[in-house]
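Taking it in order: structure first as structure tokens, then the write-up.
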Amino acid sequence: MVVRAVVGGVVGAAAIVAALSSAWTQPTAHGASGASRPADAQPMIVRTVLSGDTVVLTSARPGAQVQLWGDLTVRLIGLDAPDLAPVVECFAAEAQGGLGAMLPEGSLAWVTTNEQGDSGGIWSMYVWDSEGRFVNQTLAEQGLARASDFSERGPLYPLIAQATEEAYRRGQGLWGWHESAQSPCQWPEA
């Protein structure tokens, strides 16, 4: 029984390393809109989605963006999604589901970062999904998150801010909710 568990763990780890190794050499993908994935983006595997703007990614080997290996908690640069805790804000579950649809568990994500992890161990990153879509911008376009006034503003922030403005004008996603709606959540501060 123990041997089977150890062998299963080794096989699983080998599969992750193989996927990342082959991904490392793939050419740069171009998303339908927004920023194309940079050539120096590092491939990582999605472990879990924690909220509409935070994921846990696994790095199988050190790279140009992340010089560590293992699990990293990653907050998407320039975004603010409704929170699930300590109080559930309106549209938080939808935002988490939208990010989970773009970055399902076990899928490949490509990342760049402007900084190392903060004192709490959370990294700020730009993320592209396996299809080459710029996740930070796509979430804002879909109204699942908005440009953040208080997070890091990197070089791609203008794309995120523009996408937020367009989603707001269309009344899409969280911008389509009304405070009068029957909902067991609090409305996120504007």
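Taking K and R as +1 and D and E as -1, what net charge do the other residues with C-beta under 11 Å from the C-beta of residue 107 add up to?
-2
Find how much the distance from residue 175 to residue 85 grows on full extension, using 0.36 nm per residue of separation minus their present alpha carbon separation; answer in nm with one decimal. Walk me through the intermediate numbers first.
Working: separation 90, 0.36 × 90 = 32.40 nm, distance 2.02 nm.
So the chain would gain 30.4 nm between residue 175 and residue 85.
Gain in length, residue 105 to residue 56, computed as 0.36 nm per residue apart minus the alpha-carbon separation, to one decimal in nm?
Using 0.36 nm per residue and subtracting the Cα-Cα distance, I get 16.7 nm.
Expressed in nm to one decimal, what extension gain is obtained for the pair residue 153 and residue 40 from 0.36 nm per residue of sequence separation less their Cα-Cα distance?
Details: separation 113, 0.36 × 113 = 40.68 nm, distance 1.96 nm.
Here the segment from residue 153 to residue 40 would lengthen by 38.7 nm.
Laboratory data are not the source of any read-out in this text; all were calculated from the coordinates shown. Keep in mind that what you see is a predicted model, and the values were worked out from it rather than measured. Using ideal geometry, Cβ is built from the backbone for each residue, glycine included, and neighbour counts are taken over all protein chains shown.
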